[in-house]
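Below you'll find the structure, written out as structure tokens, and then a few comments.
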Amino acid sequence: MSRTSAPQDFRYRIVSAFPAGHYAMDGLLGLFDIVLADDIDTAAVECRLTPELLLNPGFLSKWCRTDESLLMLVLHELHHVILGHTRLFTRVTPEQNIAFDAIINALICKMFHAAPYRSFFERLNSADSVPGALLRPPPGWPHMLVPSEALPHDIRELVRAIYGEAG
């Protein structure tokens with residue numbers, strides 16, 4: 001198990017990934033310790049006295065080569081904090097985590113719906129299987145909302161609910 005504080009240039013890369021690189025984002029990220037951790041699969045937030053944003057370096061090098069992908073990953077983890085998942089649920093079941101992740105991914109895809117951003121979730125998750133179809137926009141979105149016919153009817157309806165206008 002290896003954990004090290006992220007170097008300053010990596011913190012700068014995260015801040016720069018946000019549109020307009022707003023100085024407030026640097027302040028927000030200053031509240032977190034950004035830790036490169038190879039003992040987690042992807043990324044996570046640990047709420048301690050000083051919260052930690054944990055990022056797996058191997059995952060980053062494979063899936064976050066662009067600033068847009070890095071932005072989506074960091075926003076995803078920040079939304080777990082913003083929505084209270086880290087405070088309200090001390091022990092999250094796999095099913096709860098999928099539900100939280102599905103809502104978070106839909107929220108941030110609606111904020112950043114251009115292909116370079118949403119492709120992060122599209123590359124990670126299959127549109128034809130569960131839970132992947134819940135963790136990414138359906139093919140053709142945002143112009144079309146047609147979930148894969150390979151999915152069960154109730155899952156297609158759930159995808160429509162999450163990614164539809166009222167989602």
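The values are calculated or read from the model by the stated rules, or taken from the named source; none is laboratory data. Everything numeric in this text was worked out from a predicted model, so none of it was measured. Note that each Cβ is placed from the backbone with ideal geometry, even for glycine, and that neighbours are counted across all protein chains shown. Protein only, heavy atoms only, side chains kept; ligands, DNA and RNA dropped before computing areas. Shrake-Rupley method; radii C 1.70, N 1.55, O 1.52, S 1.80 Å.
Once neighbouring chains are kept in place and the probe is 1.4 Å, which whole percent of the accessible area of the chain is contributed by carbon and sulfur? List each step's numbers first, then the result.
Numbers: 5300 of 9100 Å².
Within the chain, the accessible surface is 58 percent carbon and sulfur.
Which is the longest part of the chain that has none of the GluC sites (Glu not before Pro) sitting in a DSSP loop with at most 11 other Cβ atoms within 10 Å?
Numbers: sites that count: Glu149, Glu165.
With GluC sites (Glu not before Pro) excluded where exposed in loops, the chain gives 1-148 as its longest stretch.
Using θ = phi - 60° and the Karplus curve 6.51 cos²θ - 1.76 cosθ + 1.60, what whole-Hz ³J(HN,Hα) does each residue of the range 137-149 get, with Gly and Pro shown as x?
Taking θ as phi minus 60°, the curve returns x, x, x, x, 5, x, 6, 10, 10, 10, x, 4, 5 Hz for the range 137-149.
If you compute Cα extents along the principal axes in Å for the structure shown, which of (i) 47, 34, 33; (ii) 79, 47, 23; (iii) 46, 35, 28 do you land on?
Answer label, from the structure shown: (iii).
Out of all DSSP beta bridges with both ends in the chain, state the antiparallel percent to the nearest 5.
Here the antiparallel bridges make up roughly 65 percent for the chain.
Give me the percent relative contact order of the range 41-84, please, defined on Cα pairs under 8 angstrom at least 6 residues apart.
On the way: 32 pairs, mean separation 15.9, N = 44.
Computed value for the range 41-84: 36 percent relative contact order.
Could you report the chain's accessible area per residue, 1.4 Å probe, as an integer in Å²?
On the way: 9100 Å² over 167 residues.
Computed with neighbouring chains in place, this is 54 Å² per residue.
Can you tell me the relative contact order of the chain? Whole percent, Cα pairs under 8 Å, sequence separation 6 or more. Present the calculation step by step, with values, prior to reporting the outcome.
On the way: 212 pairs, mean separation 23.9, N = 167.
Across the chain, relative contact order equals 14 percent.
Sort the range 26-120 into rounded, prolate or oblate with this rule: let a ≥ b ≥ c be the square roots of the eigenvalues of the Cα gyration tensor; rounded if a/c is under 1.5, and if a/c is not under 1.5, prolate when a/b is larger than b/c, oblate otherwise.
Numbers: a/c = 1.44, a/b = 1.15, b/c = 1.25.
The shape class here is rounded.
Along Cα→Cβ, 7 Å out, is where each label goes; now give me the distance between the ones at Leu88 and Ile103 in nm to one decimal.
The modelled label-to-label distance comes out at 0.5 nm.
Given R₀ = 35 Å, what would the calculated FRET efficiency be for Asp41 paired with Asp9, taking r from the Cβ atoms and rounding to 0.05? The partial results should precede the final answer.
Working: r = 24 Å, r/R0 = 0.69.
For R0 = 35 Å, the calculated efficiency reads 0.90.
Please sort by residue number the trypsin sites (Lys or Arg not before Pro) in the range 38-143 whose DSSP state is loop and whose Cβ has at most 13 other Cβ atoms within 10 Å.
Details: sites: Arg48, Lys62, Arg65, Arg87, Arg91, Lys110, Arg118, Arg123; in loops: Arg48, Arg65, Arg91.
Of the trypsin sites (Lys or Arg not before Pro), the ones in loops of the range 38-143 whose Cβ has at most 13 other Cβ atoms within 10 Å are Arg48, Arg65, Arg91.
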